[in-house]
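For reference, the structure discussed in these notes is given below.
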Amino acid sequence: MRTRVIGGVVAALVVMGLVPAVAKADPPDPCAPVLACGDDLSAMETLEAKIDDHLVYGQVLEASFAGPERTPGTVTSLGGWGDSGLWTGTYLAAQSYRYATAGKYLADPEVVGEARDFWTGQRAEALARVQAMVAKYHLLTNIGSTWRTSTRVPPYVTQDPTDPNDRTDFGGGIIQGEPGMLMRACAPTDAPPQWAMGQNKRVFELPSDPNATWTDGKRYFCETAPSRDTYAGTTFGLLAAFDLVSGEDPAMRASIRDDILTLGNFLLKYGWNYPRPHGFVSAPPVGHDFDNFASPLFTYVPMARLNLTNAARHVASVAGSAEQQAQWQAVWAEELASQGPLLGASMEIDAVQPNAGYYKFNLHHLTGLNLFRFVTNPVEQLLVKQAIGVMDKTTGDDVNAHFEAITYAMTGEPARLDAAVQHLREWRSYRSRTDTGVNTVNSTKCGISIQCVPDDQYDVMVDPGLDVTVPGTVAKQRARFPLPVADRPPTDFLWQRPPTQLDGSSPAHHEAPGIDYLLPYWMLRYYTEVAPPALAPFPAWPGPSHQ
């Protein structure tokens with residue numbers, strides 16, 4: 001109010017000729033660059049309205065509909081259960097940023113009328129979804145405690161070693177289920193057909209006792225072999241909810257604290273391995289360590305171990321007991337000493353072949369932001385930023401709005417913000433095209449408008465003018481340089497796919513949930529409107545980048 005009074009006085013003095021008039025500058029565009037208006041806002045509202053068909057049992061899933069028009073409420077099947085632990089976490093983070101952004105405006109008494117109604121609705125919907133996902137992660141974290149097995153005598157020995165579904169099985173009984181044995185996904189056993197979880201060799205019915213139920217009175221089918229993807233999404237989402245939402249909900253804060261500490265204690269107990277109660281024995285090239293009775297899940301990935309350790313340290317420091325704080329500070333010191341020196345080197349190793357297993361960069365960005373947010377010691381912060389800077393030298397020019405939003409949050413560099421906004425807007429063109437179900441075939445443009453190379457070829461850029469090409473040997477091709485966002489093949493989360501992938505398809509009746517728009521959208525609004533980051537670029541990495 002004081003500003004308005006002063007402004008009125010100045011205006012009166014100008015009219016009386018006592019103060020010289022000053023040319024009035026054009027007001028800043030309220031829609032740029034924060035995605036707050038027009039098509040940017042409409043796309044958010046459309047995608048948020050569609051989530052009811054994707055957020056099922058508190059987890060985010062892909063959906064197939066009765067027809068290509070994809071009428072809400074006509075889902076015929078759900079998919080992507082194995083990855084839903086990851087995508088649920090990213091959407092949980094998006095809703096936490098949405099909640100916090102709404103809270104900023106609702107705390108301003110001058111936000112009234114339609115604006116207040118808008119933000120009240122945004123906050124309420126975000127909170128309801130956060131609550132549902134936090135509750136589901138509590139189940140995913142703890143239902144493993146009901147898993148019981150017994151040793152099989154004699155064991156079953158595979159009859160066909162080339163069949164991935166035919167494996168040696170000694171029944172289990174060595175490790176029994178415990179809290180902290182994270183699940184990828186769980187669906188009630190009484191789910192209707194269109195919402196039922198598909199069955200595979202990693203899915204078990206829990207509790208194991210057929211006469212028992214979970215605390216909600218239900219029994220569940222659970223996919224029991226989490227990957228580092230599952231942990232990256234789980235911690236990314238839960239930590240965002242812990243910091244941005246749970247401060248106003250003590251019960252939620254305690255639940256998230258307990259679940260993250262439970263996850264950490266389980267892995268710590270087994271030396272960062274993930275043992276399972278079943279007795280399956282599986283080995284490459286036919287099998288996968290996810291199918292084994294034990295997986296060395298975190299033993300060789302420094303970023304993953306540091307992320308989970310730091311997550312536990314953070315929730316303990318904010319809401320834990322003195323004993324928990326001391327425990328996880330000691331674990332952090334130990335892990336930092338052993339894994340910290342390996343962090344930068346591991347990022348360089350992952351960057352060597354940047355088009356193979358591209359999803360790993362998504363995980364590193366998610367866990368890297370977690371690390372960055374909670375590390376305050378200058379030496380530790382430099383270590384983390386140096387490591388992420390190594391990765392960024394390879395991925396920073398990948399035309400990736402998700403990566404650009406995250407690295408903007410870390411560096412505050414305006415160019416990253418501008419790129420993230422531009423490429424997120426281009427996502428709308430990508431989605432508009434792929435929603436029609438038309439196949440994406442860029443390979444026919446190879447040698448015409450796209451320079452293509454063997455899929456396993458890569459370039460090492462040491463200095464400007466000093467590039468080394470490592471020739472490829474496979475017949476499959478990829479674009480040599482990132483394709484425009486609008487031209488990329490359809491997928492569940494665009495930003496985890498190589499930007500050089502040429503071809504792909506998705507049926508017109510199938511729909512991904514659109515989190516690849518919603519997460520960068522709400523992250524960018526939060527980091528421009530609520531908590532703008534300080535300008536602090538990554539330390540220069542003198543080593544090579546890769547293409």
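The values are calculated or read from the model by the stated rules, or taken from the named source; none is laboratory data. All values reported here derive from a predicted model rather than from experimental measurement. Cβ coordinates were reconstructed from backbone atoms using ideal geometry, including for glycine residues, and neighbour counts include every protein chain displayed. Ligands, DNA and RNA are stripped out before the accessible areas are found, and what is left, the full protein with its side chains, is counted by its heavy atoms. Shrake-Rupley method; radii C 1.70, N 1.55, O 1.52, S 1.80 Å.
Tabulated values for the structure
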{"item": "Sequence ranges 357-367, 385-395, ranked by mean other-Cβ count within 10 angstrom, highest first", "result": "385-395, 357-367"}
{"item": "Alpha carbon centroid spacing (whole Å) that separates the stretch 218-247 from the stretch 174-207", "result": "15 Å"}
{"item": "Under 5 Å, built H, 5+ apart or other chain: amide partners of A294", "result": "R276"}
{"item": "Å² per residue, accessible surface of the stretch 352-504 at 1.4 Å", "result": "40 Å²"}
{"item": "Label point at V462 placed 7 Å out along Cα→Cβ; residues across the stretch 505-547 whose backbone nitrogen lies under 18 Å", "result": "541-547"}
{"item": "Dimensionless Rg over Rh [the stretch 418-501; C-alpha; Kirkwood]", "result": "1.01"}
{"item": "Kirkwood-type radius of the stretch 305-401, with distances r between different C-alpha atoms, in Å", "result": "14.2 Å"}
{"item": "Sites E248 and K218 - FRET efficiency at Förster radius 25 Å, r taken between beta-carbons, to 0.05", "result": "0.30"}
{"item": "For the stretch 494-509 and the stretch 410-487, distance of Cα centres in Å", "result": "11 Å"}
{"item": "Apportionment of accessible area to carbon and sulfur, the chain, percent (1.4 Å)", "result": "59 percent"}
{"item": "Gain in span if fully extended, S64 to Q329, counting 0.36 nm per residue against the direct Cα distance", "result": "90.8 nm"}
{"item": "Surface per residue (accessible, 1.4 Å probe) for the stretch 142-300, Å²", "result": "42 Å²"}
{"item": "Percent antiparallel among DSSP beta bridges (both partners in the chain, rounded to 5)", "result": "95 percent"}
{"item": "Label-point gap, in nm, between A337 and Q422 - each point 7 angstrom along Cα→Cβ", "result": "4.7 nm"}
{"item": "Protection proxy ranking, peptides 86-99, 51-64, 533-546, 33-46, average beta carbon neighbours within 10 Å, highest first", "result": "86-99, 51-64, 33-46, 533-546"}
{"item": "Highest average packing first - 189-201, 114-126, 495-507, Cβ atoms within 10 Å", "result": "495-507, 114-126, 189-201"}
{"item": "Structure-derived volume of the Cα convex hull per residue in Å³: which label, when the choices are [x] 270; [y] 200; [z] 156", "result": "[y]"}
{"item": "For the stretch 365-440: Kirkwood Rh in Å [reciprocal of mean 1/r, alpha carbons]", "result": "13.7 Å"}
{"item": "Gained length - A486 relative to K269, 0.36 nm times residue gap less alpha-carbon distance", "result": "73.5 nm"}
{"item": "Cα long-axis angle, helix 250-269 against the chain (0 to 90 degrees, to the nearest 10)", "result": "40 degrees"}
{"item": "Helix-only [θ]222 nm of the chain, DSSP H runs n ≥ 4, -39500 (n - 2.57) each, per residue, nearest 500", "result": "-15000 deg cm²/dmol"}
{"item": "Reciprocal of mean inverse Cα separation for the stretch 174-254 (Kirkwood radius, Å)", "result": "14.7 Å"}
{"item": "Computed label-point distance, nm, for sites T162 and A294 using a 7 Å Cα→Cβ extension", "result": "3.1 nm"}
{"item": "Size of electric dipole in the stretch 141-256: Cβ of Lys, Arg +1 and of Asp, Glu -1, about Cα centre, debye, nearest 20", "result": "180 debye"}
{"item": "Residue-by-residue Karplus 3J(HN,Hα) for the stretch 359-369, coefficients 6.51, -1.76, 1.60, Hz, glycine and proline x", "result": "4, 4, 5, 4, 4, 5, 5, 4, 6, x, 5"}
{"item": "Computed FRET value (nearest 0.05) for A534 with V318, which takes r as the C-beta separation and R₀ as 30 Å", "result": "0.85"}
{"item": "For the stretch 531-542, Karplus couplings with θ = phi - 60° (6.51, -1.76, 1.60), whole Hz, Gly/Pro x", "result": "9, x, x, 6, 6, 7, x, 5, x, 4, 9, x"}
{"item": "Pair S150, S42: separation of 7 Å Cα→Cβ label points (nm)", "result": "6.4 nm"}
{"item": "Part-to-part distance (alpha-carbon centres) for the stretch 37-57 and the stretch 285-363, which is given in Å", "result": "33 Å"}
{"item": "Two-site FRET efficiency, N200 against S449, from Cβ-Cβ distance with R₀ of 35 Å, rounded to 0.05", "result": "0.30"}
{"item": "Residue-by-residue Karplus 3J(HN,Hα) for the stretch 208-221, coefficients 6.51, -1.76, 1.60, Hz, glycine and proline x", "result": "5, 5, x, 9, 9, 9, 6, 5, 8, x, 10, 10, 10, 8"}
{"item": "Size of the stretch 101-150 as Cα extents on the principal axes (Å, biggest first)", "result": "64, 14, 9"}
